[in-house]
Every structure is written in C-alpha cells, then in structure tokens.
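Here the structure comes first, spelled out in structure tokens, and everything after it is commentary.
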Amino acid sequence: MVNYGIAILLLPLIAFVVQIFVGKRLPRNGDWVSVGAVALTLCMSLAMFGVMLVKYDPEFSVDGTWTWFDLGALEVQMGILIDNVTIVMLLVVSLVSTLVHVYSTTYMEGDVRYSRYFAFLSLFTFSMNGIVLANNLLGIYIFWELVGISSYLLIGHWFEKDSASDAAKKAFLVNRVGDIGMFIGIMLFFTATGSFLFRDVFAGVESGLLSTEILTVAGLCLFAGAIGKSAQFPLHVWLPDAMEGPTPVSALIHAATMVAAGVYLSFRLFPIFTPTALTIIAYIGGFTAIFAAIIAVTQNDIKKVLAYSTVSQLGYMILAVGVGAYTYGLFHLVTHAAFKAGLFLCSGSVIHAMHHAYHELHDHESDPQDMRNMGGMRDKMKTTYLTMLICTVALSGVPFTSGFLSKDAILAGTLSFTQHHPEHFLLVLFGFGAAFLTAFYMFRLIFMTFYGEPVRREVYDNIHESPSAMTAPLVALATLSFFLFFTLPYFNPFSDHGWFTVLIDSRDSVVPGHLNLTAHEIAEGMHHAHTPAMLLSILIAFSGIGLAVLMYLQKRISADDIAAKLALPYKLSLNKFFVDETYQRYLIDPSLALARMIAFFDWEIYDKYIVNGFGKVTEKFSRLVGIRWDYDILDQQIVDGVGRSTSFFGAGLRLIQTGKVQNYLVWVLTGVIMIYVFQAI
Amino acid sequence: MVVFSTNLIYSAVALLFTLLGVAGLYVFLWADFIAVTQILIYVGGILVIIIFGIMLTHRITSVRLSHSSMQQGTGGAIVLVIFVGLTSMIFRAPWYRVAAVEPEETVRQIGRLLMIDYLLPFEVASVLLLAALMGAALLSRKVD
Amino acid sequence: MVDLNSYLIIGAVLFSLGLFGVITRRNGVAVLMGVELILNAANVNFVAFSRFGGMDLSGHVFSLFVIILAAAEAAVALAIILNIFNNMGTINIDEADQLRQ
C-alpha cells in the first residue's frame, strides 16, 4: 500500500521533470506525458479505492515512516499515512486532475507555453498528493508550500498580462501570511511533543503536554494556514484574483483541490482543537460563507461568481469542522470538488466559445467572461448547458444531488450545535443565509448565460459547442454530482448513509479534560437535527431559485430597481466590501512607504560610504602596487642579482677545472687537511 | 735536491743518494734484508728506469726545463701544513713501544713469513708484476 | 739514544718533500721521482715500527711488498710517459690537460 502511495506521489513529479526539460521537443509538446502520468495515478487510486471498498474497514490505516535526517538532538522523520480519507482524497485529486489535463489539451491548444503549463499541472498534482499522503506536520508544510508555488506558477501563466502576474504574487503572498501562522503552530506542537508525526502529536496532546490555552493558540495557528490556503476571511482576497489564470487551472486548483487542502488539514487536526478554537473556526467559516455569497450576488464576470462561490463553500466546510460535523465537511469537500470543477470547466467551455466568436468578429475589446455579453446559449451549447445546469443544481442543494446531501449534513450539524449552544445562533443564520444566496446567484448565472436574448446577435451566431475533449470531462463531473455515487450501497436520496459516511468515521477529540463532545455525542445531536435541517434547506434552496427565476428569467422583478433601492448593500457587494482597498491603504501602502524610506537611507547614505570607502581602499591598494615599482626594481636587483651571482660563481668554479692532475691533487690535499682540522676540533 | 733542482739529471742523482741513505737507515733498524732489497731493486732497477726515461724523453738540444714547477706557493703551503700536522701528531701520540732483541738475521724469518702467513699477497704480487710487465710492454710498443 | 720519533720524523720529512715534488714539478719523470720518495717514506715508517714494536717482521714483509709494487708502478709509469712524449713531443704534464672541458 505504501509503495502504491509513493508511486502515486512520484509519477507526476517525474512527468513534471520530463515536461520541463524536454517537453518542447516532444511531439505535441509532450502533453501526453503529463496526461499519461496522471491517468496512471488515477488508475492506481481507483485500485486503492477498490481495495478500500472491499475491506470496508473504517479503521483501516497503513503507515510508513522513515528517518529523514538525524542530527543527534533532533531527529526528523518523514512518512506516509494511508487510510480511508487518504484514499478518497487521492481519488478526488487524481480524478479531477486527469479530467482537467484532458480538458486542457483542447482549451490550451496553441498556447505559447503549452508544455510548461502541463509541467506545472503535474507539479501541482505531485504537491497535492504529497499533502494528502503526509503523516507528519513537516511533510504537510513542505508540500503546502509546493502547492503554493505551483499555484503561483499557474496563475501567472500568461504573465505578459500585468494583472496575471500581480494576481500570482498576491496569491502567493497572502498564502504566505497564513503559512507563517501555520509554521508557528507546527513549532509549538513540536516543542511540546518533540515530533512532527501526527500520531505523536495526538498522543502528546492527549497526555496533557500542552495547557488548554496554549493548545487553543497552537491549534489556531495551524488553522491560520488553512485560512490562507482555503481563502477564508480575511485572507480570501487572493482567490478572486486568481481567476486570471487559465480556467482549467481554476477548476483544478481553486475549486477542487488546493483550496481543499486547508479543509483537509483541519479535518486531520480536528482531534486537537479545543472548544474555543473550534468555535472561532466555526465563526470564521460561517462568516466567510455568507460574506462571499453576498459579494457573488452582484458580480458580472462568470469566473468571479464561481470564485466567490468557492470561497463561500469553503466557508461551509470550515463551519462544519467548527461545529463538530467535520467528516461532513470532508464530504462536502469531495462533492464540491466534483460539481465545482464541473462548473469551472463548463464556464471555460463558454468562455472558449465566446473567445472564438470574438476572434471571428475581430473584436478584441469585449470581455468574453462578462455575463452581460452572453445570453441564449443553451440552444447552441447543449452539452455545456446541461452539465452546467446539473452542477448548479447540485451546488444549490436540490434533492437527488450529492451537494444536497453534503450541504444538508453541514446545516444539520450547525443546527445541532446551536441547539446545544444557543448563544451561537448567528452560525445558523450564516449557514442558511448563505444557502439561500448560493441558490440565487447560481441560477442568476445560469439564466444570464444560457437564457434570454443574446446581447449581440453576431456573437451568438458564431457560438459553437466545444470539442469532445472538453465536453467529456463535463459529462463525467456532472454525473458524479448525483447522489448515487456516495450513498452506495444504499439508494435513499435523502439519507447520506453510504460507504462514505461509514468508512470515514468521526474520531473523538484527544483534547484532555473532556472539554469537547465525543464523536458519539455529536452524531446524536445531528441525528435529531437532521430532519428539520433537511426541510429547511429544501425550502431555502427553492426560494432562492424562485427569486432568481423571477428576476432573471421572467424578468418580473427588475434587478436594477433593487440595486437602486439597496444602493449601499449593492455597492458594498459589487466592490467586494472594499477589503482589497482597505488592505492596500492600511497595510500595503505604509509598508511600501517604509520600504522606500529604508531604501533611500540605504542607497544614499550607506552606499555612498561603501562606494567611497571602496574607492579609497582601492586607491591605497594601488599605491601599494606602486611599491611594486620599487619591488620591481628590487625584484630586478634580486632576480638580476641571482643571475649575476650564478654566472659569476659559475665562471669562478670553472677555473678549477684545469685538467691538470697536479691541481687536482692540491685540492685533494686541501680536503684532507680540512678533514684533519675538523677532526681535531 | 730531488725536488728543487731544475735539472732533471741532478734530481735523479739526488734521488740515488736519497735511496742509499734510506738503505742505511734500514741497516740501523736491523732490517738487513730490506736494506739489501732496497738497494737492489730501487737503485738498481727503478732508478735505472727513471734515468732511461729521462734520457729517452730529453730534447736533443739540451733544453733547460723551464722553471719546472707550478703552483709552488699553494703547494708549499699545503705541504707545510701537512708536515706540521704529521710532526705534531708524532710527538703527541703515545706510541706503544716494545723492547726488542736484535735478530741474527732476518732473511730466514721473512722467508718463512712470506711462504706461510703471507702467501696470498705474495702470489698476488707476482701476478701483479706479470700484469705490469705486460702492460708496460703493451704501452710502449710501436704503433704501426 | 735514537728514538722511534726520530725515524718517524725522517719519514715525515721524506713524505713532505715527495709530496711537494708531486704537486709542483712540471716534468712527468720528476713527478715519478717524487712518488718514489713518498713510497720510501712509507717504508721507513714500516720498518721503524717493526723495530720498535717487538721486532715483528710483518712490517718488513709489508715493506717488501711496497718495494715490489713501486717497481711495477715505475715501469708502467715510464711506459706512459714515453707514450706522452711520443704523442705530444714534450713531457710537460701541464699540457696533458685534456681532462678539462
């Protein structure tokens, strides 16, 4: 099992290396390398998945740990953990990745940096798998950063556009802020327990190595990483901007996988969060959910709507973790991955078609992503329309879809939590309010894009359905949006009881002192709240859809009127609550000003000293070299002197060679005498 | 005279007298056989050879050998040093002396010694003489 | 009374004179004469030691050998000198300096 895990991990890495170095020289720019690698990982993930289903053991867990480096006092280990959650996540990642790869072969056709794109897609898949497979905090952190890098590289794929490169930088830096908190959290746990491994950390927490206060803080620090990566408020600002990247990238990274990493981390770490930490987490999640949903209502760019929708749904997942229904948070992650990726790819298909249409008309001004330029597409792009509709329905939480089950579970959890802690009623409002808005804005999107009269007739005429390489993944993902795949072997569309909920079991919290509810208690609460939640969520979903129908399909209520009446909320929503602007004014600009000041100081003053100093030193040095003149002369003397003396002595010594024996005899005798003399002495 | 004379014949004659003198010394030293041998061989043989050499290599026109000495100064100095060294050594060294009895004749004993104790050197010496003879003959033949 | 030392001094004198002759004389034959002097000096020493050392006759024997050798050497030396004379027309050994480079 572990070997499979390692193979799954390394295959995309190999693809990345190959693509990066020789990709351009391969036929078709080597996209088949990446696609092949990731398809292979999909097969392996499916195999593992099959094994898991056969075993049907909620406690299944395989662990492989080895020592990475040993510094005597510090021993760092690396390892792989494979349990049911890992297998499911691997499957999700490889499935969506494969579909995105296939989709990209058409979407990115003719792109300038085609092979590089696929290389980075493979790099990302490798990194994401790493996060999922790691069994220790350090490993997760390493792959966490790798995923951030891949995201940066991919968002900035069209880096000629300033907006794209800026967005990439923003994504990475905002992530970094979260990562700082995460690293502090990791080190806190490491200092207390002496190890990075999950099981050691859990054991350490259970035996009370950390006080409750520190544990809360440490847990929240780790969660900070999730805030960054999963775009929770206040670190959500990078995700909408990340839409600058190619749409398949948005589908893979910013809908299904990378942003899910934060949820995954929270899931893994659930047992060590104190109630305080969990409450804060719940509020962050809930607030993000409603906050993003409000913004999504007024956006006109199709991808921005989806982006904010993602932020909102992530809020849901985090909310689930906070209220204790954390396995359902993961459930929502998986279902959301399917239909959100589907939504993004569908929107990509629409944008692709719009792009082509504009190209035909030699129109380079209009924005192919603006929904106000669309309309009436459903006749021309049947497959895209249908699949998008199905995914939207799933997202809105309509029965018979997978989304309904997961969202419903989360809402049940929230309701149950509030029943036990009535002071947190806001969470319920957040949860159900966001559900309402989600249904509303998603159907607004559908109606604006696919229904009604096309805004420009010529554009409409040039719209074609996308090629099968693009529509096939759409169909696959739409299919997965149905409830069936998650409830097997049961067939009840209103119950989430199925292989998922059985195999991915809740664990008790290991926080000492019985502060948290046990898994059992949480499940009990949810059970009671289930039916009211379900009824309420169906009601809200349909009312949201109904409002959208009224406003955008039948145009009975005018959107502009409401916008005028609710001017302030409208303006706030349209401008994303001015969060970016606030950051700019209060954080970024002062930092830049400070940097400028320091730079001035550094350049004008410090450098002058150094430069001058260097000049003076050099001058002195050259004078020393001038001494070389003397030296040269001295050298002349010496060198010459040596030469001269040699020839002198040579000439002198030559005189000894007289050839006369008697002379030689004299020398011999001299030698004899000298020996005598030295003997005497 | 041997070494200082510029005339070679004078040197030769001086050598003759020197050798005779040494023979006399031998007699004083009770070395009768050696004395006789000295005269016989040295005087009679070697000196004759030398005189022959002088004769044969002399210029017909009696050339006064130009000041037949070189590097006198250095040579003299060195020799002087050596002489002084030797004499000082002679006077300083504690010679081991043993009383001796004057023998009747030494010939017999020498003969016995030659044949018994020093046989090998004796034979080698004869071989050496043979070699010298051949060598000298070879060296002095006329080159055709 | 005539002492060992005297004989040894005589030997030393003879030796020094002979040495001087060897070093100084330009004529080959004269050099040969100097060599004979040296050999004689050695002989005197031998015999003197023999006399004053218990009349051990090995000194005599050795002296005998020296005489033999002197004879042989004189013969060969003269042969060489004759050759030099034939080749160079002079026995000025100064001019036999082909050992010089």
In the stretch A:64-107, residues that are closer than 23 Å to A:LEU269 by Cβ and among the hydroxyl-bearing types (Ser, Thr, Tyr) total 2
Determine whether the stretch A:17-33 contains at least one residue that is in contact (Cβ under 8 Å) with a residue 12 or more places away in the chain, under 21 Å from A:ILE131 (Cβ atoms) and of a type in the set (Gly, Ala, Ser).
no
Go through (1) surrounded by fewer than 21 Cβ atoms within 10 Å (Cβ to Cβ); (2) at negative phi and name the single condition A:LEU42 misses.
(1)
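If you check C:LEU64, C:LEU19, which single one turns out to be facing another protein chain (nearest Cβ under 7 Å), closer than 17 Å to B:ALA125 by Cβ and surrounded by 23 or more Cβ atoms within 10 Å (Cβ to Cβ)? If you could, list the steps in order and put the result at the bottom.
On the way: C:LEU19 fails: closer than 17 Å to B:ALA125 by Cβ.
From the options C:LEU64, C:LEU19, the qualifying one is C:LEU64.
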Go through (1) in contact with a strand residue (DSSP E or B) (Cβ under 6 Å, 6 or more places away or on another chain); (2) more than 28 Å from A:ILE184 (Cβ to Cβ) and name the single condition A:ILE80 misses.
(2)
Criterion first (more than 7 Å from chain B (Cβ to nearest Cβ), in contact (Cβ under 8 Å) with a residue 24 or more places away in the chain and surrounded by fewer than 20 Cβ atoms within 10 Å (Cβ to Cβ)) does C:VAL31 satisfy it?
no
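Given the criterion more than 15 Å from A:ALA119 (Cα to Cα) and in contact with a helix residue (DSSP H, G or I) (Cβ under 8 Å, 6 or more places away or on another chain), identify the matching residue among A:LEU91, A:LEU71.
A:LEU91
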Just checking, does the stretch A:341-350 include any residue being more than 28 Å from A:MET448 (Cα to Cα) and either more than 22 Å from the chain's Cα centre (by Cα) or modelled with pLDDT under 85 (or both)?
no
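The values are calculated or read from the model by the stated rules, or taken from the named source; none is laboratory data. Just so it is clear, the model here is predicted, and its values are computed rather than measured. Neighbour counts are summed over all protein chains in view; Cβ atoms, including those assigned to glycine, are modelled from backbone coordinates with ideal geometry.
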